Amino acid sequence: MFHQRSLGGVVIYNTDDNRMMNADILELLNFLLNGFSAALRVAYNYQEKLETIKALEGLIARLDNQDKLLEEMVDIIKRLLKVERISFLTVDGDSRTLSIKKSYGIRADVVRSMQIPIGEGISGYVAETGETLRIDNIEESESKFKKRSLEHYFNRSLLSVPLITTGSDGSLKVLGVINVNNKTNGLTFNQQDQQMLESIAHLVVAALTNIDLTNAKHEHDLLQQQLDNARDVQMALLPRKFSNMPSEIDMFAKSEPAIQIGGDFFDGIKLPDGRWLAAIGDVSGKGMSAAIIMAMSRIILRTVVHETSEPAKIMERMHEYLSRDISDYYFVTMQIVVIDPATGAAEMVSAGHGPLLGRIGGSLVQLESKGGFPLAVGGTGVTFESVPFRVQAGDQLLFFTDGLPEEYDPNHEMFGFERTKELFTASRGLPPKDLVERFFGAAEQWRAGGDAHDDLTIMAVEYRGVTQ
């Protein structure tokens, strides 16, 4: 049933020759007015649809998930195009098939089971070519596509429009297809219907893209929060202050991962025999795996010191435990110094770590142990050699991971070991905390606002001497 409404009226009077209008003139006039009325109705209807589409932009901007978006679009298409069957199909990139994500007027079992290969059938053709398909009589066009049931097409007219987006490289990508058929007035789809559905398709693509970006940002924010939490946990594993540290020793350390979490660590432990152990380590790689191995290494160290107080033996036990517990893809470099606070007698052991810098007796020295594989490298039976030395009151030791000498400036020049020695020499008289902060400031200044190349850990130890 069609509802009528008045669009206006026409009054004609005073013909040129003052003749009465006969039946032929009235019939012609009625024909012209009916045509004009039909044109006005189309114009009003088209304007109404355009205004509806314009209003959709605000609606779509408020939708935050795909299911709600497609549900709203189905309802809008149903009202604008007056159709009894609608389907939104999306492309599964892995299987190159189309499946129905939202529909109207289609049986649930059909929706669940439908899988259309790209290139097959009407929807597959539209998805493959990226071209709109408007069919007046599907029976006459059926030979172009795979055979399909026509029982649901009472007027044989169908409109299929692709959902197309543009990739970052400028190429076109089809996200899916919108199908509509069975207009309630029994007519075929026209050019205006096609333009209307194509306009809606553009809005849907824009909304889907916005939803994807919003979801990606949400996932990124969630991951960022998880990484921040992991960083907080990791930093909590490192000592904020060194308990039971002898009064003859002052020590400060700081660690900053290149990304949220890293593999550097440090520790200070009072051994059962009263000596003080200072340790620094660097796990290969970055991120979560390195952070887990870092935590393992520190736990193993704190376990091993109750088995032996000899620096070389401590390192050998560390190697045994880590070789057994971590995969061949990872290793740990480590450096240990043990100081007797009563005498200043000290020993250094290195497992593949860089040199230890010292300001001893007023001179800059570079302490290195011979050999020494990184921990978890070299199999069983690996031994380590300790290097004995002695510190006096006021002497300092500088531990650091390779994130310091291998820090890059914007010209890709490394900070280097020589600059490290020069800065250490120029920092004479600074207490351990200020010394460490000065090196961190120098590293930040060197990279000039760029990202850190590697995790960075610096530790300074000063021997104060025996208190009288």
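The values are calculated or read from the model by the stated rules, or taken from the named source; none is laboratory data. The model shown is predicted, which means the values in this text are computed figures rather than measured ones. So basically every Cβ, Gly included, is an ideal-geometry build from the backbone, and we count neighbours across all protein chains shown.
Confirm whether Leu187 is assigned to a loop (DSSP other than H, G, I, E, B), modelled with pLDDT of 85 or more and out of contact with any helix residue (DSSP H, G or I) (no Cβ under 6 Å at 6 or more places or on another chain).
Against the criterion (assigned to a loop (DSSP other than H, G, I, E, B), modelled with pLDDT of 85 or more and out of contact with any helix residue (DSSP H, G or I) (no Cβ under 6 Å at 6 or more places or on another chain)), Leu187 qualifies.
Within the range 248-267, is even one residue modelled with pLDDT of 90 or more, assigned by TED's automatic domain parsing to the domain that holds Ile336, surrounded by fewer than 16 Cβ atoms within 10 Å (Cβ to Cβ) and over 22 Å from the mean Cα position of the chain (by Cα)?
no
Please verify whether the range 190-210 includes one or more residues that are at pLDDT 80 or above, in a loop (DSSP other than H, G, I, E, B) and under 20 Å from Ile76 (Cβ atoms).
yes
What's the number of the condition Ala346 fails, among (1) at pLDDT 90 or above; (2) part of a loop (DSSP other than H, G, I, E, B); (3) small (Gly, Ala, Ser)?
That leaves (2) as the condition not met.
How about the range 252-309: which of its residues are closer than 29 Å to Pro431 by Cβ and assigned to a helix (DSSP H, G or I)?
Within the range 252-309, Met294, Ser297, Arg298, Leu301, Arg302 meet the criteria.
Inspect all residues belonging to the range 394-409 and state whether any of them is more than 24 Å from Ile261 (Cα to Cα), assigned to a loop (DSSP other than H, G, I, E, B) and without any contact (Cβ under 8 Å) to a residue 60 or more places away in the chain.
no
Just one of the numbered conditions (1) farther than 30 Å from Arg324 by Cβ; (2) free of Cβ contacts under 8 Å to residues at least 24 places away in the same chain is not true of Gly381; which one?
With respect to (1) farther than 30 Å from Arg324 by Cβ; (2) free of Cβ contacts under 8 Å to residues at least 24 places away in the same chain, Gly381 is out only on (1).
Contact list please: Cβ distance under 9 Å, first residue in the range 165-176 and closer than 11 Å to Gly130 by Cβ and not assigned by TED's automatic domain parsing to the domain that holds Gly93, second residue of a type in the set (Ser, Thr, Tyr) and modelled with pLDDT of 80 or more, pairs at least six apart or on different chains.
Close Cβ pairs satisfying both conditions: none exist.
Can you name the number of the only condition in (1) more than 40 Å from the chain's Cα centre (by Cα); (2) surrounded by fewer than 19 Cβ atoms within 10 Å (Cβ to Cβ); (3) β-branched (Val, Ile, Thr) that Val377 fails?
(1)
Going through the range 380-392 one residue at a time, which ones are surrounded by 19 or more Cβ atoms within 10 Å (Cβ to Cβ) and farther than 15 Å from Ala312 by Cβ?
Listed by number, the list holds a single entry, Val391.
Out of Val91, Val111, Val161, report the one residue that is of a type in the set (Val, Ile, Thr), part of a helix (DSSP H, G or I) and modelled with pLDDT of 60 or more.
Val111
Specify the residue that is nearest to Phe266 (Cα to Cα); the eligible residues are those in the range 415-468 that are among the small types (Gly, Ala, Ser) and not in a helix (DSSP H, G or I).
Going residue by residue through the range 415-468, those that are among the small types (Gly, Ala, Ser) are 416, 426-427, 429, 441-443, 448-450, 452, 460, 465.
With not in a helix (DSSP H, G or I) added as a condition, the list becomes 427, 429, 448-450, 452, 460, 465.
Numbers: Ser427: 22, Gly429: 23, Ala448: 26, Gly449: 26, Gly450: 25, Ala452: 19, Ala460: 11, Gly465: 23 Å.
Only one residue tops the list, namely Ala460.
Anything in the range 280-310 that is under 12 Å from Ile261 (Cα atoms) and free of Cβ contacts under 8 Å to residues at least 24 places away in the same chain? List them, or say none.
Ile292
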